[in-house]
Amino acid sequence: MNTKKVVFFDIDGTLYSPNIGIPASTVESLKLLKENGVSTVICTGRARSMVPQSIIDLGFDGIIAGAGTYVEVAGQKIYEKDLDFISYNNLVDDIFRLGLIPILEGHSVSYYDNDTNDEDYKYVLKHYFDEARPFMKPIPKDYSKLIIAKVSARFTKNGDNEGLMRLYKDKFNICCHGDVLMEFIPKYSSKAVGISEFLKHTGIQKENTYAYGDSMNDYEMLQFVQYGVAMGNSCKELLDISRYKTDTIECDGIYNSLKAFKLI
């Protein structure tokens, strides 16, 4: 039996913030976890192609990406599931039609709208995905045969957000991230699905699992693991339903919680 402990970390709002980057205390926490023989795994809604190398270089033992649609252990892909063409073509058509701006997220390549003049969209691309630019391309005119795992839609001033949600609420799990974007996660996937694949492959027991997140696409992950911790800067919905909570990313939430669990 594998008695190793493992900690799963969301990226945006948990490991990383565009305002402060990765806190020094979080970098120290990851180093101490490794020294103590605890595995660390990225568990993000971002597709694999959109995970910054600077975060990977912190020395994680695995990557779960695309909200559970991709799993990598020790640099080797063990699981991947992509959207069928019909599902995402109709979705992307409707995102454009209803005035929002899509990001098509593939694990090898992701695609952005290069024709928009929306400054907020450009801000998100620069501050969240700038390091991933080598793996990002403009959305082609014919996007019917791209290999992608999930889709996000950037909010705009005149976009019909509610109309888009009504059209797809039964086809995707939709997660809204503040006033930035909404994320369309396939019904068959979640971060918990990715964690389950990781545990199955490594033999690590569920009772030795911990996770940190801050948004509703982390809900299944925090419920699935033994110790699911909501960051202090989490959305209210997640804080209201989370058993374990910690301080904000700015106030060393990860470090303080890992200390309390005596993992570091």
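Roughly how many percent of the accessible protein surface of the chain is carbon and sulfur, given a 1.4 Å probe and a whole-percent answer?
Ligands and nucleic acids excluded, carbon and sulfur reach 48 percent.
Just how large is the dipole of the chain about the Cα centre, in debye to the nearest 20, putting +1 at every Lys and Arg Cβ and -1 at every Asp and Glu Cβ? Please report the intermediate quantities before stating the final value.
Working: 30 positive and 36 negative charges, 140 e Å.
The calculated dipole for the chain is roughly 680 debye.
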Q) Pulled fully out, how much extra length does the chain show between LYS122 and LEU32, if you take 0.36 nm times their separation in residues and subtract their Cα-Cα distance? A) 28.8 nm
Q. What is the Cα radius of gyration of the range 57-96 over 2.2 N^0.38 Å, N being its residue count?
A. 1.60
**Q.** Radius of gyration and maximum dimension Dmax of the range 35-88, Cα, Å
**A.** 12.5, 47
Q: Report the semi-axes of the equivalent ellipsoid for the range 111-201 in whole Å, largest first, where each axis is √(5λ) for an eigenvalue λ of the Cα gyration tensor.
A: 24, 19, 14
Q | Per-selection Rg to Rh, the range 87-136 - Cα, Kirkwood hydrodynamic radius | A | 0.97
Q. Quick one: Karplus J couplings for the range 170-185, per residue in order, coefficients 6.51, -1.76, 1.60, θ = phi - 60°, nearest Hz, x for Gly and Pro?
A. 8, 9, 9, 7, 9, 10, 8, 10, x, 9, 9, 7, 10, 10, 9, 9
Q.
Leaving out ligands and nucleic acids, and using a 1.4 Å probe, what accessible area per residue does the chain come to in Å²?
A. 46
Q. Once label points are set 7 Å from the Cα along Cα→Cβ at both LEU239 and ILE78, what is their separation, rounded to one decimal in nm?
A. 3.5
**Q.** Pairwise label distance in nanometres, TYR188 with ILE147, each label 7 Å out on the Cα-Cβ vector
**A.** 1.6
Q. Using 7 Å Cα-to-Cβ label points, what is the ASN90/ASN256 separation (nm, one decimal)?
A. 4.7
Q | Radius of gyration and maximum dimension Dmax of the chain, Cα, Å | A | 17.8, 55
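Count the lysine pairs in the range 92-158 whose Cα atoms sit under 17 Å apart, keeping only pairs 8 or more residues apart in sequence or on different chains. It would help to have the intermediate numbers written out before the result.
Details: LYS122/LYS137; LYS122/LYS157; LYS126/LYS137; LYS137/LYS145; LYS137/LYS150.
Within the range 92-158, the lysine pair count is 5.
Multiplying the sequence separation of HIS201 and LYS137 by 0.36 nm and subtracting their Cα-Cα distance, what value in nm do you get?
Details: separation 64, 0.36 × 64 = 23.04 nm, distance 3.25 nm.
Extending this stretch completely gives an extra 19.8 nm.
If N is the number of residues in the range 1-131, what value comes out of its Cα radius of gyration divided by 2.2 N^0.38 Å? Write down the numbers at each step before the final one.
Working: Rg = 16.8 Å, N = 131, 2.2 N^0.38 = 14.0 Å.
Normalised Cα radius of gyration, the range 1-131: 1.20.
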Q | Tilt relative to the chain, helix 85-97 - C-alpha long axis, 0 to 90 degrees, to 10 | A | 70
(Q) For a distance above 23 Å, tell me the whole-number percent of Cα pairs in the range 110-264 that qualify. (A) 51
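The values are calculated or read from the model by the stated rules, or taken from the named source; none is laboratory data. This is a predicted model, so every value here is computed, not measured. Every residue, glycine among them, receives a Cβ derived from its backbone with ideal geometry; neighbour counts consider all protein chains shown. For accessibility, only protein heavy atoms count, side chains too; no ligands or nucleic acids. Shrake-Rupley method; radii C 1.70, N 1.55, O 1.52, S 1.80 Å.
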